[in-house]
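K.L.:
Below: one structure in structure tokens.
The values are calculated or read from the model by the stated rules, or taken from the named source; none is laboratory data. Computed from a predicted model, the values in this text were never measured in an experiment. Neighbour counts are summed over all protein chains in view; Cβ atoms, including those assigned to glycine, are modelled from backbone coordinates with ideal geometry. When the accessible area is computed, the model is the full protein with side chains, heavy atoms only, and any ligands, DNA or RNA have been set aside. Shrake-Rupley method; radii C 1.70, N 1.55, O 1.52, S 1.80 Å.
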Amino acid sequence: MRIDSTDLLVERLKLKQYKRAVITTHHKPDGDAMGSSLGLYGFLKQMIDQVYVITPTDYADFLSWLPENDSVIIYEGNESRVKDLLKETDLVFCLDFNRLSRINQLGELIGEMSIDKVMIDHHLDPENFSTFTYWDNHSSSTCELVFEWIEDCFGPDFVTQPMADCFYTGLMTDTGNFQHNNTKPKTHIIAAKLMEHGAQHIQIHERIYDVFSPDRSRLFGYCLYHKMELIEDGKVALMSLNKEELEMFNVKTGDTEGLVNFGLSILGVVMSVLIIDRTERVKMSFRSKGDFAVNEYSAKYFSGGGHKNASGGQSEDTLENTILKFKETIKNYKEELNK
Ligand code: 5GP
Ligand code: MN
């Protein structure tokens with residue numbers, strides 16, 4: 001389903017009625033979040049004098065090559081600068097999330113502001129906080145949506161080569177290299193259009209996937225060899241990392257990305273989970289094949305959500321208790337796991 005209520009926004013942008021726009025995206029932004037933010041940044045700079053990208057937190061080093069990455073302001077550590085910037089802002093874009101709680105304290109600040117807010121997103125159950133919305137839960141990525149919005153409402157000439165690199169990044173990462181079930185014929189058509197706009201697909205792939213540090217490679221090996229458990233008759237792969245292990249491999253933001261997929265790559269595994277003891281809370285990543293809806297499972301037991309085959313959640317309990325709760329609750333899904 002698609003919601004598009006951006007007619008008036010498009011008109012106001014064409015009339016150059018805004019003075020300062022802020023683009024923001026979710027906590028620990030991924031390739032789609034950063035690709036859509038920096039791609040939109042490239043477009044908005046053609047329409048508005050002052051444009052800023054503000055992320056709630058830091059993100060993986062493998063995204064730092066993205067065009068205009070140096071202009072990104074990270075809210076954590078720059079709180080007063082961001083508060084000052086927001087004072088003169090008359091337009092906010094919220095990309096790749098649909099609930100203000102997903103951007104922590106920054107969400108509270110934006111929630112209190114009575115200015116035009118735009119949500120462009122592809123996750124289920126959007127909250128009603130935006131003035132203008134461009135939302136489609138069948139879209140592969142927010143990058144796909146932002147590209148379509150610019151092309152349809154303003155024309156393809158506004159899409160520059162650096163913007164094409166940004167959007168291609170989100171299409172590629174959110175579809176797991178055009179592999180997940182969110183990959184539609186349209187996704188490939190848009191990927192082709194982005195290549196026509198100059199997206200450098202080979203370099204993008206290398207910069208995102210072929211940049212492991214030795215520590216990160218060893219962390220993956222360690223986790224698969226020493227930590228992975230296959231439970232529920234080999235239908236579920238479970239991995240976990242405690243604080244000592246995170247230190248042992250000098251784990252930085254983004255280093256565990258992709259690890260959960262290795263569990264799912266085993267023949268017969270239907271669901272894979274990675275449970276990590278982050279300092280603030282225990283964070284969980286879920287992946288599944290076929291009909292098993294991990295977003296429903298994580299919403300029910302671990303205050304989470306996301307997509308049917310890729311979702312996340314969290315727990316306020318200890319790592320050990322979280323693992324126990326996972327092992328207990330997954331027993332209720334024998335039928336779904338054995339379909
Ligand atoms: P990841 O496992 O890569 O962190 O997240 C996979 C997907 O689930 C992403 O689309 C992400 O937006 C979503 N997701 C991750 N954590 C949460 C969460 O705590 N709540 C919700 N609603 N979605 C999440
Ligand atoms: Mn996304």
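K.L.:
Arrange the peptides 307-316, 75-84 so that the one whose residues have, on average, the most other Cβ atoms within 10 Å appears first.
P.N.:
Going by the mean number of other Cβ atoms within 10 Å, highest first, we get 307-316, 75-84.
K.L.:
Sticking with this structure for a sec: Using the structure shown, select from Lys227/Lys300; Lys300/Lys339; Lys289/Lys327 the pairs with a Cα to Cα distance greater than 24 angstrom.
P.N.:
The pairs that break the limit, which is 24 Å between Cα atoms, are Lys227/Lys300.
K.L.:
Also, I was wondering about something else. Please list, short to long, the whole-number percent of alpha-carbon pairs of the range 52-96 in consecutive 10 angstrom bins beginning at zero.
P.N.:
Calculated over all Cα pairs of the range 52-96, the distribution is 23, 55, 21, 1 percent.
K.L.:
Could I ask something else about it? Probe radius 1.4 Å, ligands and nucleic acids ignored: give me the carbon and sulfur share of the accessible area of the chain as a rounded percent.
P.N.:
The C+S portion of the solvent-accessible surface of the chain is 49 percent.
K.L.:
On the Cα set of the range 6-85, report Rg and Dmax in Å, please.
P.N.:
When restricted to Cα atoms, the range 6-85 yields Rg and Dmax of 13.1, 38 Å.
K.L.:
Residues of the range 214-337: accessible area per residue at 1.4 Å, in Å²?
P.N.:
Heavy-atom accessible area per residue stands at 50 Å².
K.L.:
A further question on this structure: Once phi is turned into ³J(HN,Hα) by the Karplus curve 6.51 cos²θ - 1.76 cosθ + 1.60 with θ = phi - 60°, what whole-Hz value does each residue of the range 154-159 show in order, with x for glycine and proline?
P.N.:
Karplus values, whole Hz, x for Gly and Pro: 10, x, x, 5, 7, 8.
K.L.:
Further question on the same structure: Apply the Karplus curve 6.51 cos²θ - 1.76 cosθ + 1.60, θ = phi - 60°, to the phi angles in the range 31-38 and return the couplings in whole Hz, x for Gly and Pro.
P.N.:
These are the phi-based 3J(HN,Hα) values: x, 5, 5, 6, x, 5, 5, 6 Hz.
K.L.:
Oh, and also: For Ile23, list long-range residues whose amide hydrogen, built 1.01 Å from N in the peptide plane, is under 5 Å from its own amide hydrogen.
P.N.:
The list, which skips near neighbours in sequence, is Tyr52, Val53, Ile54, Phe93.
K.L.:
Checking the a/c ratio against 1.5 first, then a/b against b/c, what shape does the Cα gyration tensor give for the range 96-139?
P.N.:
The shape class here is oblate.
K.L.:
Oh, and also: Arrange the peptides 168-175, 42-49 so that the one whose residues have, on average, the most other Cβ atoms within 10 Å appears first.
P.N.:
Put in order of decreasing packing, that is 168-175, 42-49.
K.L.:
Follow-up. Please turn the phi angles of the range 206-219 into ³J(HN,Hα) values with the Karplus equation 6.51 cos²θ - 1.76 cosθ + 1.60 (θ = phi - 60°), one per residue in order, whole Hz, x for glycine and proline.
P.N.:
Each residue's phi maps through the Karplus curve to give 4, 5, 8, 9, 9, 10, 5, 7, x, 4, 5, 4, 5, 4 Hz.
K.L.:
Based on the alpha carbons, how large is the Rg to Rh ratio for the chain when Rh follows Kirkwood?
P.N.:
My calculation of the ratio gives 0.97.
K.L.:
I've got another one for you. In the range 14-97, how many lysine pairs have Cα atoms under 20 Å apart, counting only pairs 8 or more places apart or on different chains?
P.N.:
Pairs that pass both the separation and distance tests number 8.
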